[in-house]
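Colleague: The structure under discussion is supplied below as structure tokens; questions concerning it will follow.
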């Protein structure tokens, strides 16, 4: 047996409970890792609160989390990593745990800490995926809603590196930080459309919504085509003809993870870790994210 965080009902952060669970055994092609860090993502918070039931239904008791980094301690037949390897990736079943199974372990560069490696998995892949699905190209203009968040800041860095002009809607306290990443940052909230139009004199070609703040109708109107808008955060996407990406595994780009890890290792991409909590304090980590106190990734240390 081992220790993990689970919840048995939707609700506030306090529904997260430190529980004893069966230690998982790796099947063919899988490895089991001793988890050294597990990332806490906004999607974890929304699932726990019951906000994503139509997209990510869960069975109780549920072990949250996907993104983990650690050391392989057991390998199934045909696995692509060996005992003792430092790896990261997406947990097959829950990441807020002492042990996790990985079906596609990615070698962790020595330059990356376990915290950073775990912290970049979902947010890095989501940013990369959104840009690829949109098909935005060099010389075009991209609007990113939630550009100050963990996914948004990675999307800003990737897009600007690819020669894309970026306008980002952010909270007041994030204006300077996102501007420093290469975007034209504007304050979100009432009047954002006018502020974006003023910032993007040549118009906006595509929109990536990483905020889930009810911006889809105006975003579609801004670009004139729902096919030029994508969201990872608004479950009402279908009502507006907008693509929601993330719930279908076939939508994802797991091959982006080694690329992103290399960018971080070589100093070309920054994924800051704001705070690390002991596993038992998962509720505090969720509360921080809900209150938008974090400026960077939040991770758990089993």
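Every read-out reported here was derived from the displayed coordinates using simple, explicitly stated rules and does not represent laboratory data. The structure displayed is predicted, hence computed values, not measured ones. All Cβ positions, even for glycine, are placed from backbone atoms using ideal geometry, and neighbour counts span all protein chains on display.
Colleague: Computed FRET efficiency, Cβ-Cβ of residue 9 and residue 110, R0 45 Å: what is it to the nearest 0.05?
Modeller: It comes out at approximately 0.60.
Colleague: Using Cα centres only, tell me the gap between the range 207-265 and the range 32-93 in whole Å.
Modeller: So the two Cα centres are separated by 22 Å.
Colleague: Another question, then. Which value in nm describes the separation of the simple spin-label points at residue 55 and residue 239, placed 7 Å from the Cα toward the beta carbon?
Modeller: In this crude label model, residue 55 to residue 239 measures out at 1.4 nm.
Colleague: Turning to a different aspect of this structure: On a 0 to 90 degree scale, rounded to 10, what angle separates helix 150-161 from the longest Cα axis of the chain?
Modeller: 60
Colleague: What nm value, rounded to one decimal, do you get for the distance between residue 301 and residue 20 when each label is placed 7 Å out toward the C-beta?
Modeller: Each label point is offset 7 Å from its Cα along the Cβ direction, giving 2.6 nm.
Colleague: Taking the 0 to 90 degree range and rounding to the nearest ten, how far is the long axis of helix 114-134 tilted relative to the main principal axis of the chain, both from C-alpha atoms?
Modeller: Approximately 40 degrees, to the nearest ten.
Colleague: Give me the tail of P(r) for the range 124-244 as a percent: Cα-Cα pairs with distance above 19 Å.
Modeller: I get 36 percent for the Cα pairs in the range 124-244 exceeding 19 Å.
Colleague: Turning to a different aspect of this structure: By the gyration tensor of its Cα atoms, with a ≥ b ≥ c the square roots of the eigenvalues, what is the shape of the range 86-157: rounded for a/c under 1.5, prolate for a/b over b/c, or oblate? Working shown, then result.
Modeller: Values: a/c = 2.28, a/b = 2.18, b/c = 1.04.
The shape class here is prolate.
Colleague: What do you get for the angle between helix 256-265 and the principal long axis of the chain? Use alpha-carbon atoms, 0 to 90 degrees, nearest ten.
Modeller: It works out to around 90 degrees.
Colleague: Does the chain classify as rounded, prolate or oblate by the C-alpha gyration tensor (a ≥ b ≥ c root eigenvalues; a/c under 1.5 gives rounded; else a/b over b/c gives prolate, otherwise oblate)?
Modeller: Prolate.
Colleague: Still on this model: Could you give the length gained on full extension between residue 93 and residue 133, defined as 0.36 nm per residue of separation minus the Cα-Cα distance, in nm?
Modeller: Details: separation 40, 0.36 × 40 = 14.40 nm, distance 2.65 nm.
Here the answer is 11.8 nm.
Colleague: I need 211, 113, 219 ordered by Cβ neighbour count within 10 Å, fewest first.
Modeller: 113, 211, 219
Colleague: Residue separation times 0.36 nm, minus the C-alpha to C-alpha distance between residue 284 and residue 193: what's the value?
Modeller: Details: separation 91, 0.36 × 91 = 32.76 nm, distance 3.46 nm.
Stretched fully, the residue 284-residue 193 segment lengthens by 29.3 nm.
Colleague: Could I ask something else about it? Using a simple spin-label model with points 7 Å from Cα along the Cα→Cβ vector, what separation in nm is obtained for residue 201 and residue 275?
Modeller: 4.3
Colleague: How do 128, 96 line up, fewest other C-beta atoms within 10 Å first? Numbers along the way, then the final one.
Modeller: Details: 128 21, 96 29.
Listed from fewest to most nearby Cβ atoms, that is 128, 96.
Colleague: Helix-derived [θ] at 222 nm for the chain: sum -39500 (n - 2.57) over DSSP H runs of at least 4, divide by residue count, nearest 500?
Modeller: Working: 8 runs with 82 residues, N = 302.
Result for the chain, helices only: -8000 deg cm²/dmol.
Colleague: Any idea what Rg and Dmax come out to for the range 218-302 if you just take the C-alpha atoms, in Å?
Modeller: 17.1, 47
Colleague: Further question on the same structure: What number, in percent, do you get for the relative contact order of the chain if the mean sequence gap of Cα pairs under 8 Å and at least 6 apart is divided by its residue count? Working shown, then result.
Modeller: Working: 712 pairs, mean separation 57.5, N = 302.
Here the relative contact order equals 19 percent.
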